[in-house]
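Student: First the structure, then my questions, so here it is.
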């Protein structure tokens, strides 16, 4: 008898694109979830340490979010931005209040990709320039313009571009000329690189777009304060700073509500983009910008689905829960427990060459004995972790970094259980 998963995999491959990635040699259908656990269609239970790519921020089937969505759905699902929308206005007020940006305006989209696309539209129009700076190893989405500022070849299928992008160093260290430099020297080298790149461009540059911690790039983490140094350079040239907080926002790093706040940047970014966690699985993203930048668009514009009543209601309930239960603090406390376990793999399990990240956003980089990346080992650990009952992700320029990002309500007991399973998976993968 054909299993449920085998049958679904066959149907998936018959009708969906070949390039639509599926995890695992035997893909699974995640059928339901509760708290930090999910169950597949064949009844297997897992600790979810990836949250649908850092999207299930609070918990699966969070009653407060479910109730808000159901109540709003019973009233009206959709109207568009052509009409006043109370849930969208209330959510925008809350996001603006939390943004750290002076005189903020908020525009809602349906994804992080669309949010970054909008931010690029704002910056290039405001600065009257199509020149953009981005970080090497970056990922900003899958639209034409978002791919044009993505510095990771594994996720950029075309060299065609609506903007002229120049890539600078800033987060990834291993495999670069800056590997092994202490934080202060690494930061100085990256600032010098930024200055050098600017010296090769044609004057007016629109913006720098950067993730405070690179997501798809394998949770590559710059030294604290680096973007403050970058901002000093950008400000001298009038260049806007876009902080892509799609994965780092809402307290996931534990120490701050936004990833950019780790850099004490003498002022907030000009533009912040967000998505994923705010909706806890609902399709919502957005852009926050100073009013002079947001209002600089000189054309008619609407969003058919951005800030829809039902997604805004669910996102607001999710954000209220996160703040009321101090999930940022929990990310710091429980993240430290998980990090301590994984740090123990360094020097003990061959091939584990780096453990990095902040809060409940942790990357484990794997390499061979000669220092070359080991993507096949990362794939095997992914499989072993699933067999052990934990779902994780992977990323990095070479696909050799484990990505660990559970919901922010993770308990200490769950962190210890998941950490034990991950360490066992690492040991078994290296032996095989």
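The values are calculated or read from the model by the stated rules, or taken from the named source; none is laboratory data. These figures come from a predicted structure and were not determined experimentally. Don't worry about glycine lacking a Cβ; one is built from the backbone with ideal geometry, like all the others, and counts go over all protein chains shown.
Student: Among the listed residues 113, 150, 81, which satisfies the condition of being in the same structural domain as residue 306 (by TED's automatic domain parsing), part of a helix (DSSP H, G or I) and either surrounded by 17 or more Cβ atoms within 10 Å (Cβ to Cβ) or modelled with pLDDT under 95 (or both)?
Tutor: Working: 150 fails: part of a helix (DSSP H, G or I); 81 fails: part of a helix (DSSP H, G or I).
It is 113.
Student: So, one more: Filter the stretch 129-146 down to residues that are more than 13 Å from residue 216 (Cα to Cα) and without any contact (Cβ under 8 Å) to a residue 40 or more places away in the chain, then give me how many there are.
Tutor: First, pick out the residues of the stretch 129-146 that are more than 13 Å from residue 216 (Cα to Cα): 129-134, 143-146.
From what is left, the residues that are without any contact (Cβ under 8 Å) to a residue 40 or more places away in the chain are 143-146.
The total comes to 4.
For (1) out of contact with any helix residue (DSSP H, G or I) (no Cβ under 8 Å at 6 or more places or on another chain); (2) assigned by TED's automatic domain parsing to the domain that holds residue 200; (3) within 26 Å of residue 96 (Cα to Cα); (4) not in a loop (DSSP other than H, G, I, E, B), each residue gets a yes or a no:
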| site | (1), (2), (3), (4) |
| --- | --- |
| 139 | no, yes, yes, no |
| 146 | no, yes, yes, yes |
| 161 | no, yes, no, no |
| 172 | yes, yes, no, no |
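Student: Hey, among the residues in the stretch 308-326 that are part of a helix (DSSP H, G or I) and out of contact with any helix residue (DSSP H, G or I) (no Cβ under 8 Å at 6 or more places or on another chain), which one's farthest from residue 215 (Cα to Cα)? Steps first, answer last, please.
Tutor: Narrowing the stretch 308-326 to residues part of a helix (DSSP H, G or I): 309-324.
This time we only want the ones that are out of contact with any helix residue (DSSP H, G or I) (no Cβ under 8 Å at 6 or more places or on another chain), so: 323-324.
Values: 323: 23, 324: 27 Å.
By that ranking, first place goes to 324.
Student: For residue 65, work out the one condition from (1) within 16 Å of residue 319 (Cα to Cα); (2) in contact (Cβ under 8 Å) with a residue 12 or more places away in the chain; (3) out of contact with any helix residue (DSSP H, G or I) (no Cβ under 7 Å at 6 or more places or on another chain) it doesn't fulfil.
Tutor: (3)
Student: Of all residues being in contact (Cβ under 8 Å) with a residue 40 or more places away in the chain and out of contact with any helix residue (DSSP H, G or I) (no Cβ under 8 Å at 6 or more places or on another chain) in the stretch 189-209, which is surrounded by the fewest Cβ atoms within 10 Å (Cβ to Cβ)? Just the residue, please.
Tutor: Once the filter is applied, the top-ranked residue is 202.
Student: For residue 411, indicate whether it is outside the structural domain of residue 277 (by TED's automatic domain parsing) and more than 23 Å from residue 277 (Cα to Cα).
Tutor: Details: outside the structural domain of residue 277 (by TED's automatic domain parsing): yes; more than 23 Å from residue 277 (Cα to Cα): no.
Spelling it out, it is not the case that residue 411 is outside the structural domain of residue 277 (by TED's automatic domain parsing) and more than 23 Å from residue 277 (Cα to Cα).
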